[in-house]
1. Put +1 on the Cβ of every Lys and Arg and -1 on every Asp and Glu Cβ in the chain; which of Ala98, Leu111, Thr173 then has its Cα farthest towards the positive end of the dipole?
2. If you count, for each residue, the other Cβ atoms within 10 Å and average over each peptide, how do 165-173, 107-115 line up from highest to lowest?
3. When the Kirkwood radius is taken over all Cα pairs of segment 17-81, what Stokes-Einstein diffusion coefficient follows at 37 °C and 0.692 mPa s, in µm²/s?
4. Can you tell me the dipole magnitude for the chain around its Cα centre, using point charges on the Cβ only (Lys, Arg +1; Asp, Glu -1), in Debye to the nearest 20?
5. Using θ = phi - 60° and the Karplus relation 6.51 cos²θ - 1.76 cosθ + 1.60, list the HN-Hα couplings for segment 90-105 in order, rounded to whole Hz, with x at every Gly or Pro.
6. Once Rg/Rh (Cα atoms, Kirkwood Rh) is worked out from the coordinates, which option in [x] 1.12; [y] 0.95; [z] 0.99 does it equal?
7. Among Gly90, Gly48, Gly25, determine the one that fluctuates most according to a GNM of the chain built with springs between C-alpha atoms less than 10 Å apart.
8. Where in segment 48-86 does the amide nitrogen come within less than 12 Å of the point 7 Å from the Cα of Val95, taken along Cα to Cβ?
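What follows draws every value from the coordinates through simple rules; no lab data is involved. These figures come from a predicted structure and were not determined experimentally. FYI the Cβ positions are ideal-geometry reconstructions off the backbone, even for glycines, and counts take in every protein chain you see.
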Amino acid sequence: KISAHTSAQVRRVARSGIAYRGVAGTAAGSFPGERWLVTGGLTGLYKGKGFEIEPSARVYGLWEHEGSYLDSLGILQGERDFASGRASAGSKLTVPFAASGRITVAPYAGLYADYYFSRDDATALPSAPLLLPTEFIHGWSARITTGVGVTVSGGPTFALGGEVGGLASGQFTNWSVRGRAAMPF
């Protein structure tokens, strides 16, 4: 017998009004801007005898607009817009088991397909090319996650996991490790 649970949520929507003040060489300037951040997703949980499968689809996006301004050298700097984000879909398999009467250990592994998008309309001066491309990370890649969680009944929980992203992208590889501990009051 398999039990199922699905949830959908917009996790966060945030808008920031920003005021930049910067210096580059002998030029200085300040300009207004605004930033939007949106995250959300769909997550399912299917529990069977001795295993859990958690399929998910998630997206996050960041959009920013920077206004034009006149710098301290009297040069008009144009406005700039850029965006960056990731959409992903995949699944995680967890196999929890009782290590003792009060301790549950839950190793997991997951595989996800990611689509990264980015856009930046910044332009370089003819004598000074941009150091970064205008589409820094763009396109498809794969991501693998693995780790273990430990729960003490009525007590603390611990988790340690890792992730390798950017697989098959030809653009980047990203390694990360995360640990977490919680104690109920």
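1. Ala98
2. Ranked from most to least packed, the peptides come out as 107-115, 165-173.
3. 213
4. Magnitude of the dipole: close to 1080 debye.
5. x, 8, 10, 10, 10, 10, x, 8, 7, 7, 7, x, 10, 10, 10, 10
6. [x]
7. Ranking Gly90, Gly48, Gly25 by mean-square fluctuation puts Gly25 first.
8. 50-52
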